[in-house]
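Asks: This is the structure, below, for whatever I ask next.
Nothing in this text is a laboratory measurement; each read-out follows from the coordinates by a stated rule. Keep in mind that this is a model prediction, so the values were computed, not measured. Cβ placement follows ideal geometry from the backbone for every residue including glycine, while neighbour counts extend to all protein chains displayed.
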Amino acid sequence: MLGQMCLAIPGKITSISGDDELFRMGKIDFGGIEKEASLAYVPEAKVGDYVIVHVGFAISRLDEEEANQVFEYLRQMEEA
Amino acid sequence: MKYLDEYRDAEGAHKFAREIARITTRPWTIMEVCGGQTHAIVKFGIDQLLPREVTLIHGPGCPVCVTPVELIDQALELAARPEVIFCSFGDMLRVPGSKTDLLAVKASGGDVRIVYSPLDAVNTAVKNPGKEVVFFGVGFETTAPATAMAVYQAAHKGVKNFSLLSSHVLVPPALEALLNAPDRRVQGFLAAGHVCTIMGYEEYLPIAAKHRVPIVVTGFEPLDILQGILMCLQQLESGRAEVENQYTRAVRKEGNLPARQLIGEVFRVVPRQWRGLGEIPLSGLGLSESYQAFDAQRKFGVAQVRVPESAECLSGLVLQGKLNPRECPAFGSRCTPEHPLGATMVSSEGACAAYYRYRREPAEPAGIQTHH
């Protein structure tokens with residue numbers, strides 16, 4: 001799954017190395033499989049955050065509040 | 001796994017499906033742009049949850065699939081050179097050029113290496129100073145920041161034996177091309193969520209307004225896709241044509257600013273030939289003036305020849321949403337993932353590969369929630 005080029009999947013940052021923003025790397029846990037990824041494009045990301053990783057780069061930090069939006073939508077749909 | 005499993009919940013999927021059926025009053029045709037979404041739809045049987053009035057057609061969002069034959073031929077020419085280490089994503093190796101593919105070049109002695117990240121190619125160049133390392137940069141806006149960073153780091157570290165063969169493409173010009181086609185069928189789009197994590201979605205506003213077409217930025221899990229379809233249908237049924245964002249947990253309106261900045265630094269927008277769609281103006285990314293030294297086409301003088309596409313492969317029609325893979329006479333017989341006629345049967349995102357994998361027989365869908 002990790003080898004497929006255009007998939008982008010969520011994982012949890014377990015550690016971060018490097019200070020320079022452009023060369024910052026993180027260890028990312030994908031449900032038990034760990035891989036390194038560049039954190040150059042998520043300067044705000046911290047250990048414990050979930051990020052979407054694509055070809056070795058974290059491209060977006062997942063917003064925990066917004067992650068519930070789908071379920072909130074379902075709830076409102078039912079009430080309507 | 002968190003952020004995956006909860007979006008594959010069968011009960012939620014059926015709730016969305018019921019609501020979709022409830023609000024749909026007439027036939028609508030929606031295109032999911034991205035090949036990753038096509039795979040999820042076919043794998044989880046999302047299309048089979050929809051009422052008969054709603055037709056999903058599969059879009060051109062598979063970068064491997066739209067890479068033109070002449071660029072594959074240039075890749076083959078470069079990969080066969082004795083001084084070159086040719087680095088590529090694995091998806092490209094079986095994609096047929098006009099005569100052969102990268103796997104065959106590798107089998108006959110070419111140094112072709114599969115990389116996971118463009119940065120791996122830069123590291124290969126650092127470790128092999130006596131060789132020329134060429135990276136085949138294929139992808140949409142999602143992948144462009146990774147390629148941009150590889151070129152930027154190579155320049156920064158003075159890695160002169162690294163270069164890029166760029167086949168990077170942009171989504172909005174392809175949507176425009178599809179919308180301008182005289183026999184246009186598509187009435188609404190699910191925009192590719194991961195492309196929009198990078199670019200945001202402001203550039204879709206004028207497209208939605210000009211062509212009166214709803215565009216919903218959508219994620220990749222079953223509940224995301226069903227919600228995206230529902231939001232699109234609500235717009236269609238009420239006569240609206242707006243840009244909406246379903247994938248709010250990952251996509252912000254302005255996108256990823258550091259990534260957009262580096263794309264802007266390293267690349268410039270160029271015309272690009274698309275397999276199946278022809279040349280689309282301002283639809284590709286080539287290296288900007290300051291990074292020309294890393295342009296493999298320039299460095300090795302590979303010839304820019306036009307190569308006709310295979311007549312037997314109908315992937316051009318598949319990529320435009322005009323033909324379902326199973327309607328192709330070669331599907332599953334003369335064309336399989338082992339012996340593909342075209343890239344749509346090869347790539348992990350290609351529509352033909354999705355149907356071959358999940359729908360060769362009138363198949364049971366993989367099942368929401370149970371399959372990971």
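Asks: Connecting C-alpha atoms closer than 10 Å in a GNM of chain B, tell me which of B:Q261, B:Q227, B:Q74 has the biggest fluctuation.
Replies: Comparing B:Q261, B:Q227, B:Q74 in the GNM, the peak value goes to B:Q261.
Asks: Can I ask one more? Residues with beta-carbon under 10 Å from that of B:L71, excluding B:L71: net charge, scoring Lys, Arg +1 and Asp, Glu -1?
Replies: Neighbourhood net charge equals 0.
Asks: OK, next. Where does each of B:H156, B:H211 land when they are ranked from fewest to most other beta-carbon atoms within 10 angstrom?
Replies: With the sparsest Cβ surroundings first, the list reads B:H156, B:H211.
Asks: Can you give me the angle between helix A:69-79 and the longest principal axis of chain A, using Cα atoms only, in degrees from 0 to 90, rounded to the nearest 10?
Replies: 10 degrees
Asks: Once you place label points 7 Å from the Cα toward the Cβ at B:E338 and B:E202, how far apart are they in nm?
Replies: 5.2 nm
Asks: Another question, then. Could you line up B:E349, B:E237 from fewest to most neighbouring Cβ atoms inside 10 Å?
Replies: Arranged by neighbour count, lowest to highest, B:E349, B:E237 become B:E237, B:E349.
Asks: Distance in nm between label sites at B:A155 and B:E254, each 7 Å beyond Cα in the beta-carbon direction?
Replies: Roughly 2.3 nm, to one decimal.
Asks: Turning to a different aspect of this structure: DSSP loop (so not H, G, I, E, B), at most 13 other Cβ within 10 Å: list which trypsin sites (Lys or Arg not before Pro) in region B:75-130 pass both filters.
Replies: Sites meeting the loop and neighbour criteria: B:K99.
Asks: Something else about it: Per DSSP H run of at least 4 residues, take -39500 (n - 2.57); add these up for chain A, divide by its residues and hand me the 222 nm value, nearest 500 deg cm²/dmol.
Replies: Result for chain A, helices only: -4000 deg cm²/dmol.
Asks: Arrange the peptides B:60-69, B:282-291, B:171-180, A:69-78 so that the one whose residues have, on average, the most other Cβ atoms within 10 Å appears first.
Replies: Answer by packing, highest mean first, reads B:60-69, B:171-180, B:282-291, A:69-78.
Asks: Report the residue, chosen from B:Q273, B:Q187, B:Q304, that carries the largest GNM mean-square fluctuation when chain B is represented by alpha-carbon nodes joined by springs under 10 Å.
Replies: B:Q304
Asks: For the Cα atoms of chain B, what angle does the longest principal axis make with the long axis of helix B:69-79, in degrees from 0 to 90, nearest 10?
Replies: Roughly 40 degrees between the two axes.
Asks: Still on this structure, I have one more. Please work out the FRET efficiency for the pair A:K27 and B:A10, using the Cβ-Cβ distance as r and a Förster radius of 35 Å; give the result to the nearest 0.05.
Replies: 0.60
Asks: Hey, another quick one. Going highest first, how would you order A:22-31, B:78-87 by mean Cβ packing within 10 Å?
Replies: Ranked from most to least packed, the peptides come out as B:78-87, A:22-31.
Asks: Report relative contact order for chain B in percent, whole number only (criteria: Cα-Cα under 8 Å, sequence separation at least 6).
Replies: RCO, chain B: 24 percent.
Asks: Can you list, bin by bin at 20 Å, the percent of alpha carbon pairs in chain B, starting at 0?
Replies: Per 20 Å bin, starting at 0, the Cα pair percentages come out as 29, 57, 13, 0.
Asks: Points 7 angstrom from Cα along the Cβ direction at A:E34 and B:V126: gap in nanometres?
Replies: 2.1 nm
Asks: Convert 25 °C to kelvin, take the viscosity as 0.890 mPa s, use the Kirkwood radius over C-alpha pairs of region A:9-79 as Rh, and evaluate the Stokes-Einstein diffusion coefficient in µm²/s, rounded to a whole number.
Replies: Calculated translational D: 191 µm²/s.
Asks: Give me the net charge for the shell around B:D101: Cβ to Cβ below 11 angstrom, other residues only, Lys and Arg +1, Asp and Glu -1.
Replies: Result for the local shell: +2.
Asks: Determine the sum of side-chain charges near B:H58: Lys and Arg each +1, Asp and Glu each -1, restricted to other residues whose C-beta is under 11 angstrom from that of B:H58.
Replies: Net charge around B:H58: -2.
Asks: So, one more: Do me a favour and compute the ellipsoid semi-axes for the protein assembly as shown from its Cα gyration tensor, root of five times each eigenvalue, largest one first, whole Å.
Replies: Three semi-axes, in Å: 34, 26, 20.
Asks: Moving to a separate point now. How far is helix B:257-266 tilted, in degrees, relative to the longest principal axis of the Cα atoms in chain B, given as a value from 0 to 90 rounded to the nearest 10?
Replies: So the inclination is approximately 40 degrees.
Asks: Which part of region B:1-32 falls in the paramagnetic zone of A:M77, meaning amide N under 11 Å from the point 7 Å along Cα-to-beta-carbon?
Replies: B:11-23
Asks: For region B:219-288, what is the convex hull volume of the alpha-carbon atoms per residue, in Å³?
Replies: Roughly 149 Å³ of hull volume per residue.
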